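The values are calculated or read from the model by the stated rules, or taken from the named source; none is laboratory data. Only a predicted model underlies this, so the values are computations on that prediction, with no experimental measurement involved. All Cβ positions, even for glycine, are placed from backbone atoms using ideal geometry, and neighbour counts span all protein chains on display. Accessible surface areas use protein heavy atoms only, side chains included; no ligands, DNA or RNA. Shrake-Rupley method; radii C 1.70, N 1.55, O 1.52, S 1.80 Å.
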Amino acid sequence: MARHLITSAIPYINGIKHLGNLVGSQLPADLFARYLRGRGHEVMFICATDEHGTPAELAAAKAGQPVEVFCAEMHEVQAEIARNFGLSFDHFGRSSSQRNHGLTQHFAGKLDENGWISEVEEKQVYSIDDGRFLPDRYIEGTCPNCGYDKARGDQCENCTKQLDPTDLIDPRSAISGSTNLEVRTTKHLYLRQRALKDQIAAWIDSKTDWPILTTSIARKWLNDGDGLQDRGITRDLHWGIPVKKGDQPWPGMEGKVFYVWFDAPIEYIAATAEGTDRRGEPDSAWRRWWRLDEGAGDVTYTQFMGKDNVPFHTLSFPATIIGSGEPWKLVDYIKSFNYLTYDGGQFSTSQGRGVFMDQALSILPADYWRWWLLSHAPESGDSEFTWDNFQQSVNKDLADVLGNFVSRITKFCRSKFGEVVPEGGSYGPEEEALIAALATRIHAYEGFMDHMEVRKSAAELRAIWVLGNEYLQSAAPWSTYKTDPEKAAMQVRLGLNLIRLYAVLSAPFIPFAADQMLAAMGTGNRDWPGDIATALQALPAGHAFTTPDVMFAKISDEQRDEWQERFKGIRS
RNA sequence: GGGCCUGUAGCUCAAUGGUCAGAGCAGGGCGCUCAUAACGCCUUGGUUGGGGGUUCGAGUCCCUCCGGGCCUACCA
């Protein structure tokens, strides 16, 4: 039994996430966590909402709410949706928690003690009417290059030229449209990543088994141009973690907060503490996951994230950890994902294009989405969601292959033997062959799952389901029943045990259906199979079961067409 | 502009430089009747984006061209 710490990139607070966000971090992380728990390992699976930053303040203002209230409400909304998707977090925390305040200030204090913080005076655009400094992309104006009148201060979307806000002609606030702007001087703290570059590079170089997507992004940032740059870790905002050195004030930084990307990954640690606090456990309970000197030496730490998050998890957060000089646990493996696209384009919140998590659950059970998303996870490149593909995959894999298998064996048994595991008969060559085939495929499945090969795991699991149908077809208990009822009883008993075995193996992908299968089989036995023949005797003769309703109703062409129309959004 | 990823069957994807490039779906045929008209077996289908090169051997390595995507540090 090993100890596994698993974190999913924390979703931003300002709205409900779409299926692309889900498949890029939370869902595969949940798959891995459920699998490891199923195999008997000790797992700590952490996620949270990422609540700070300019967009949160603006979204709250738009909703007409104080930002604290807005964030608290949105956290509950996201937590509820996560529960309904079966995301099995040990704790779903908040980056605005007091735990994160304390830890973030602690890390900043340590970094300063060790000389890794510099104070920098810089000039930024201030909007007098908005009463706030504006990040570059919140300044709009006319592009000096192409004349596009909605160019942003960081880049012109029309001609893709990179800009400085002062380049813009007729600059205005993207928030209010106000042109009452001025350049002001402000002081910020920078994390001296440049000075930590060699240590970080050596650490990255030691990770030879990481996905290319992960290491290539890290190396690009380490080596491109002048190499890794220092990063500002404070902002002139109201909502956030006040800048302090540990629990002491930071002279000259009054009224400023830490940058959201500084405190967000620290929330992984803080959320673990929030969880143990909630359970009434002492500090040692979370520290044994995070402090190498307090019991975390045997922890394997895996992070899941979309590719946009990679620089922060390979560079900034490790710089924080390493720079602290304290024995905090560093990540062992980063599993990163490409993007899911929607029907030939991007998911778009503003255009209402694509399916968002709440909408997904309003039309179909979570397992349908979990299965499709995981079996099509964007591992080697971006992958595309189309309704046609979704309908075909779900109908074939879940309804025809798995659901129908459960249906045919339970209904046959009910009609010939009643809803009880039948007695009699013994294995022959066909059964031995099935057990051998199962052993081979389950071994392969475990190998793919151990290595987080999500799509290959799904394909292997499906192949395991198919073995059940192949067996039934060749064993043909409906025929043997006529001449040798004892043999038919043995075949059916094996088939019913396959249902339980499939529930256990499938639970990481489709936990709700797995629960349904176990409930129908009248068992709470979730033991991961070791010896397959033994595992197929979990339900003994005489054990009562119930015949479940249709587990996966098929998606009709009408539904598919209606949903395609409903979620296509407004094309610009 | 720079960098990274990617292009394989109608579709979605596999293939440590090494048999005849494989699966699933879709298409075609046969079988079965327990089952959600479901299942099983067989089968059609590829100049691996184009061109050049290295090698005994290239989907894989190199060059080049074409197409798609992402990132480029003050959004997160």
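Inspect all residues belonging to segment A:183-202 and state whether any of them is among the hydroxyl-bearing types (Ser, Thr, Tyr) and without any contact (Cβ under 8 Å) to a residue 24 or more places away in the chain. Within segment A:183-202, none of the residues are among the hydroxyl-bearing types (Ser, Thr, Tyr) and without any contact (Cβ under 8 Å) to a residue 24 or more places away in the chain.
For segment A:240-248, the count of residues that are under 30 Å from A:VAL125 (Cβ atoms) and within 27 Å of the chain's Cα centre (by Cα) is at least one.
Within this structure, A:ARG137 passes the test of being open to solvent by 40 Å² or more (accessible area, probe 1.4 Å), part of a helix (DSSP H, G or I), under 30 Å from A:VAL243 (Cα atoms) and within 16 Å of RNA strand B (Cβ to nearest atom). Against the test of being assigned by TED's automatic domain parsing to the domain that holds A:ARG493 and outside any helix (DSSP H, G or I), the options A:GLY530, A:GLY542, A:GLY569 yield a single qualifying residue, A:GLY530.
Report yes if some residue within segment A:373-381 is crowded, with 19+ Cβ neighbours inside 10 Å and within 21 Å of A:GLY15 (Cα to Cα); otherwise report no. For segment A:373-381, residues crowded, with 19+ Cβ neighbours inside 10 Å and within 21 Å of A:GLY15 (Cα to Cα): present. Here A:THR179, A:THR185 are screened, and the one residue that is part of a strand (DSSP E or B), among the hydroxyl-bearing types (Ser, Thr, Tyr) and open to solvent by 60 Å² or more (accessible area, probe 1.4 Å) is A:THR185.
Residues in segment A:73-94 that are farther than 30 Å from A:ILE175 by Cα and part of a strand (DSSP E or B) were compared, and the one that is farthest from the chain's Cα centre (by Cα) is A:HIS91. What are the residues in segment A:394-409 that are under 19 Å from A:ALA520 (Cβ atoms) and either charged (D, E, K, R) or more than 25 Å from the chain's Cα centre (by Cα) (or both), if any? Scanning segment A:394-409 gives A:ALA399, A:ASP400, A:VAL401, A:LEU402, A:GLY403, A:ASN404, A:PHE405, A:VAL406, A:SER407, A:ARG408, A:ILE409. Tell me whether segment A:131-138 contains one or more residues that are touching a strand residue (DSSP E or B) at 6+ places or on another chain (Cβ under 9 Å), hydroxyl-bearing (Ser, Thr, Tyr) and free of Cβ contacts under 8 Å to residues at least 24 places away in the same chain. Scanning segment A:131-138, I find no residue that is touching a strand residue (DSSP E or B) at 6+ places or on another chain (Cβ under 9 Å), hydroxyl-bearing (Ser, Thr, Tyr) and free of Cβ contacts under 8 Å to residues at least 24 places away in the same chain, so the answer is no.
In segment A:524-551, which residue that is β-branched (Val, Ile, Thr) and open to solvent by 30 Å² or more (accessible area, probe 1.4 Å) is nearest to the chain's Cα centre (by Cα)? Ranking the qualifying residues of segment A:524-551, first place goes to A:VAL550. Inspect segment A:526-544 for any residue being of a type outside the set (Asp, Glu) and within 28 Å of A:LEU364 (Cβ to Cβ) and give the result as yes or no. Yes, because at least one residue in segment A:526-544 is of a type outside the set (Asp, Glu) and within 28 Å of A:LEU364 (Cβ to Cβ). Scanning segment A:206-231 for residues that are part of a loop (DSSP other than H, G, I, E, B), touching a strand residue (DSSP E or B) at 6+ places or on another chain (Cβ under 6 Å) and of a type in the set (Ser, Thr, Tyr) turns up nothing. The residue of segment A:250-264 that is surrounded by the fewest Cβ atoms within 10 Å (Cβ to Cβ), among those that are within 30 Å of the chain's Cα centre (by Cα) and not in a strand (DSSP E or B), is A:TRP261. Just name the residue that is nearest to A:VAL120 (Cα to Cα) out of those in segment A:252-295 that are more than 16 Å from RNA strand B (Cβ to nearest atom) and at pLDDT below 95. Only one residue fits best here, namely A:GLY252. Collect the residues in segment A:33-55 that are open to solvent by 10 Å² or more (accessible area, probe 1.4 Å) and outside any loop (DSSP other than H, G, I, E, B), keeping them in residue-number order. Listed by number, the residues that qualify are A:ARG34, A:ARG37, A:GLY38, A:GLU42, A:VAL43, A:MET44, A:ASP50, A:THR54, A:PRO55.
Output yes when any residue across segment A:499-511 is in contact with a Gly (Cβ under 9 Å, 6 or more places away or on another chain), open to solvent by 80 Å² or more (accessible area, probe 1.4 Å) and either at positive phi or part of a loop (DSSP other than H, G, I, E, B) (or both), and no when none is. No, the conditions are met nowhere in segment A:499-511. Take A:LEU402 and tell me if it is modelled with pLDDT under 95 and not in a strand (DSSP E or B). No. In segment A:227-249, which residue that is open to solvent by 70 Å² or more (accessible area, probe 1.4 Å) and in contact with a Phe, Trp or Tyr (Cβ under 6 Å, 6 or more places away or on another chain) is farthest from A:ALA264 (Cα to Cα)? Among those that are open to solvent by 70 Å² or more (accessible area, probe 1.4 Å) and in contact with a Phe, Trp or Tyr (Cβ under 6 Å, 6 or more places away or on another chain), it is A:LYS244.
Restricted to segment A:188-205, and to residues there that are open to solvent by less than 30 Å² (accessible area, probe 1.4 Å) and in a strand (DSSP E or B), the residue that is nearest to RNA strand B (Cβ to nearest atom) is A:HIS188.
Checked against (1) of a type outside the set (Ser, Thr, Tyr); (2) closer than 24 Å to A:LEU505 by Cβ; (3) open to solvent by less than 10 Å² (accessible area, probe 1.4 Å), A:TRP387 passes all but condition (2).
Checking each residue of segment A:95-107 against the condition of being within 12 Å of RNA strand B (Cβ to nearest atom) and not in a loop (DSSP other than H, G, I, E, B) gives no match.
For segment A:352-372, the candidate set comprises residues that are open to solvent by less than 10 Å² (accessible area, probe 1.4 Å) and among the small types (Gly, Ala, Ser); within that set, the residue that is farthest from A:GLU76 (Cα to Cα) is A:GLY354.
I need the full set of residues from segment A:552-568 which are touching a Lys or Arg at 6+ places or on another chain (Cβ under 8 Å) and open to solvent by less than 70 Å² (accessible area, probe 1.4 Å), in order please. Hit for segment A:552-568 is A:PHE567, nothing else.
Taking the stated definitions as given, is A:ALA218 open to solvent by 50 Å² or more (accessible area, probe 1.4 Å), of a type in the set (A, V, I, L, M, F, W, C) and more than 7 Å from RNA strand B (Cβ to nearest atom)? No; evaluated as a whole, the condition is false for this residue.
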